[in-house]
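The values are calculated or read from the model by the stated rules, or taken from the named source; none is laboratory data. Since the model is a prediction, treat every value here as computed from it, not as a measurement. Note: ideal-geometry Cβ built from the backbone for every residue, glycine included; neighbour counts use all protein chains shown.
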Amino acid sequence: MSDALAKPRSKLDLATFRQPACCLYIPQVNPEAPNHVAQEVVLQIMSNSHCTFRNGYSRNGALALLLLASLFIAFTVTGTPAMAIEEPKFTVSLHEGDIEIRDYQAAVAAEVTVTGDQNDAANKGFRLLAGYIFGGNKRHQSIAMTAPVTQQPVGEQIAMTAPVTQTASNGAWVVRFTMPSKYSLATLPEPNDLRITLRNVAPARFAVIRFSGIAGSANVVARTAELMAFVQAHRQHAIGPVSLAQYDPPWTLWFMRRNEVMIQLVQ
């Protein structure tokens, strides 16, 4: 029996997963291991399309690997069905089906402006901001991950007609992480990457529509049109750009994902 299975490990051993053949070992994992280390392992698992496990079972295709990745994070690392991740605080003033009108409290955010299409911009922004909260700052301090990750096109204004397309001005997008509520601008560490900006976010009212699945551009456009129709029917006034909020890491199975399209309203 391989040492990777024979002996419990006190720390997560990434080398165990870097095998020259398409073969994965699943060691015992310390439940206190940092989530971002576990995420690196999951991404390595997901990079394979056919794998044989040492317990004799074989799995073909990305679907089985995605399932493994989701279960690995949800149970092996955290010990619970889902991670307790802080979200921005809000109250709901109106709820109809998948749509809500929410009043958000003030918050502090880290954000970065990136270019590309919707998906490329989300990936670029996520990597830069994840680097900041995983210690890429002047204090080498780790900051807890929050949800959702939001992105919005730079310079887009909302016209009071539907549908509204989510198109970035000059291909630029703002990607944002909301910081844990215990932090202020004064207590957050300064980013090493000068492209990252820390800012106060004022209280605001949003119309929000929730949906699952892959948040591709066509799906976002369709949900935006549905949300704008709701806004108009309720005689609300939209301002600013459309924001896409994604609550789940990229290895989450599509039917388990929580996405939201958000439009700021005049209060």
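General remarks:
- Every test in (1) over 17 Å from residue 217 (Cα atoms); (2) at pLDDT below 95; (3) surrounded by fewer than 21 Cβ atoms within 10 Å (Cβ to Cβ) is passed by residue 141 save one, and that test is (2).
- Qualifying residues in the stretch 179-220 (those that are modelled with pLDDT of 95 or more, among the polar types (S, T, N, Q) and not in a loop (DSSP other than H, G, I, E, B)) - the one surrounded by the most Cβ atoms within 10 Å (Cβ to Cβ): 197
- Within the stretch 247-258, not a single residue is assigned to a strand (DSSP E or B) and surrounded by fewer than 18 Cβ atoms within 10 Å (Cβ to Cβ).
- In this entry, residue 223 passes the filter for residues that are surrounded by 16 or more Cβ atoms within 10 Å (Cβ to Cβ), of a type outside the set (A, V, I, L, M, F, W, C), in the same structural domain as residue 150 (by TED's automatic domain parsing) and at pLDDT 95 or above.
- Residue 131 vs. criteria surrounded by fewer than 20 Cβ atoms within 10 Å (Cβ to Cβ) and either in contact with a strand residue (DSSP E or B) (Cβ under 8 Å, 6 or more places away or on another chain) or of a type in the set (Phe, Trp, Tyr) (or both): no
- Going through (1) farther than 17 Å from residue 147 by Cα; (2) modelled with pLDDT under 95 one by one, residue 248 falls short only on (1).
- In summary, residue 194 fulfils each of the numbered conditions (1) more than 11 Å from residue 108 (Cα to Cα); (2) touching a residue at least 12 places away in the same chain (Cβ under 8 Å); (3) hydrophobic (A, V, I, L, M, F, W, C) with the single exception of condition (2).
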